[in-house]
Amino acid sequence: MIRFLGSVALLAFVLAEKNPSTMTNEEIFKVVKGSCDDQFFFCPSQKYLVKVKDLRFFNKVGVLDSETVKTYKSGKIAASDVIDYFRNEYCCTDGDCLAECNVFPLTEKSIVHNFPQIYKEVFALGMEELKPFEKMYHHYIKHHKKGSRHVPAEIEELFDILDANEDMYIDLLSKQKINI
């Protein structure tokens, strides 16, 4: 997909360098679609989104008739700015707009998110797979700088185990009346 987006950007750049007004509507639309690739958490903005059941499409006529395309065709947009220019107009990148395209932010599950507050209770469960991480985690919280986003690989591995077995751990914790 990155290769496709790179090809789209190159196409836009090469064609725009020669004469922006020579790009066909199909070529322009291809660049617009490439600039809103859902694998990079972009999708059509509400203004240009057409929903048919569970499918999402660009309103091609709306895109090609927009002032943004007219400005682009007039040659007023630098070739190096084409992708960002189109992305700003035609794509959404957050919240409800992305939800319309069934693109949701990845959020941590509750046990990982709440682990700093419940780690003692989780380790007290005595689960064999968690035992090798207990000393590491104690060392991590003792030496971890507040606000630092760096997490050692071993702690990330612990979080992966917690995430993969969340339902079981929450069930065991609930039997101990622990609030998560």
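Looking across 52, 14, 63, 82, one residue alone is exposed (fewer than 12 other Cβ atoms within 10 Å of the Cβ) and at pLDDT 75 or above. It is 52. Taking the conditions (1) open to solvent by 80 Å² or more (accessible area, probe 1.4 Å); (2) at pLDDT 80 or above; (3) in a helix (DSSP H, G or I) in turn, residue 3 satisfies each one other than (2). Scanning the stretch 111-120 for residues that are under 16 Å from residue 138 (Cβ atoms) and surrounded by fewer than 16 Cβ atoms within 10 Å (Cβ to Cβ) turns up 116, 117, 120. Go through the stretch 60-133 and tell me which helices (runs of 4 or more DSSP H), entirely inside it, have 2 or more residues that are out of contact with any strand residue (DSSP E or B) (no Cβ under 8 Å at 6 or more places or on another chain) and farther than 30 Å from residue 174 by Cα. Those helices (runs of 4 or more DSSP H) span 60-64, 67-73, 82-90, 95-100.
Quick check on residue 101: is it out of contact with any Ser or Thr (no Cβ under 9 Å at 6 or more places or on another chain) and modelled with pLDDT under 90? In short, yes.
In the stretch 36-48, how many residues are surrounded by 14 or more Cβ atoms within 10 Å (Cβ to Cβ) and at pLDDT 85 or above? Total meeting the criteria: 3. Among the residues here, residue 71 does not qualify as among the hydroxyl-bearing types (Ser, Thr, Tyr), outside the structural domain of residue 166 (by the TED database) and modelled with pLDDT under 90. Can you confirm whether residue 158 is at pLDDT 90 or above and surrounded by 14 or more Cβ atoms within 10 Å (Cβ to Cβ)? Judged against the criteria, residue 158 is a match.
The values are calculated or read from the model by the stated rules, or taken from the named source; none is laboratory data. A quick note: this is a predicted structure, and the numbers were derived from the prediction, not measured. A quick note on method: Cβ atoms are made from the backbone with ideal geometry, for glycine too, and the neighbour counts reach across all protein chains shown. Only protein heavy atoms, including side chains, enter the accessible area calculation; ligands, DNA and RNA are left aside. Shrake-Rupley method; radii C 1.70, N 1.55, O 1.52, S 1.80 Å.
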